[in-house]
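To keep things clear, I will list the structure first and then write my remarks on it.
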Amino acid sequence: MSAAYWALPLVGWVAAGMVAVVLVLYRRGHRDGSWLLLGAVLGPLILPIAVERARRRPQRLERYGEPGADEATPGGQLCVLIGVDGSPGSEEAVRAALRLVVPVAGRVLLATVVSSDAVDGGRDDELASARDLLSRHRDGLPEGTVAVETQIMNGQPAPALLGLADTEDVDLIVVGRRGKGLSRAVLGSAASRVTTSARCPVLLAPPPDART
């Protein structure tokens with residue numbers, strides 16, 4: 001009886017902290033496992049910390065291949081933003097962009113978003129993976145026909161991509177849609193938010209398994 005009396009409040013304390021981390025932080029790009037541990041220890045006291053951290057806006061961490069102010073784009077005038085994250089839907093988005101819009105584009109922005117803790121937590125492996133991902137996709141674009149830039153942002157994917165699109169005066173956003181599942185339910189659908197909130201047209205590529 002006494003053990004259950006103490007166990008129930010303890011379970012509630014831990015659960016409250018972990019739920020706060022998932023709903024407030026994980027959905028906004030803070031996905032370091034240490035947050036779950038901190039939530040389990042602090043319980044509901046983690047909430048103000050989580051809210052403060054979640055309010056931080058996305059930032060651009062790295063940018064490569066920026067054309068000079070007086071450099072003319074080799075193709076047309078269309079500026080296309082392609083969001084990539086290595087998922088099947090993201091790979092399909094790149095293939096769709098190559099097939100449909102890159103041939104008529106003058107400028108292509110390849111962008112990926114890392115977790116908000118990638119810099120603060122010293123997670124160099126995540127940044128290295130992001131660089132490799134962008135480099136691989138950049139190498140797959142036709143040479144000499146379009147100006148290509150790669151950018152690494154941090155934060156929540158949808159706000160980061162939307163902010164980049166506004167800042168760079170993008171004409172079209174190309175993103176991939178994730179399939180249904182637990183990750184989408186917990187982390188939310190960045191593609192859906194981009195589609196509903198973007199100020200420019202959005203090309204949404206389905207994951208390969210959606211066609212079967």
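A short reminder: the numbers here are calculations on the coordinates, not readings from a lab. Note that the structure is predicted; figures quoted are calculated from it, not measured. Counting neighbours? That spans all protein chains shown, and the Cβs are built from the backbone with ideal geometry, glycine included.
Data for the structure
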| quantity | calculated |
| --- | --- |
| Estimated distance in nm for a label pair at R136 and E52, the labels positioned 7 Å out from Cα along Cα-to-Cβ | 3.9 nm |
| Contour minus Cα-Cα distance for L10 and R60 (0.36 nm per residue) | 14.0 nm |
| Gap separating the Cα centres of the stretch 81-108 and the stretch 136-163, nearest whole Å | 9 Å |
| Stokes-Einstein diffusion coefficient of the stretch 78-118, Kirkwood radius over Cα pairs, 20 °C, 1.002 mPa s, in µm²/s | 195 µm²/s |
| Segment D169-V19, extension gain: residue separation times 0.36 nm, minus the distance between their alpha carbons | 50.3 nm |
| Protection proxy ranking of 83-93, 148-158 - average other beta-carbon atoms within 10 Å, highest first | 148-158, 83-93 |
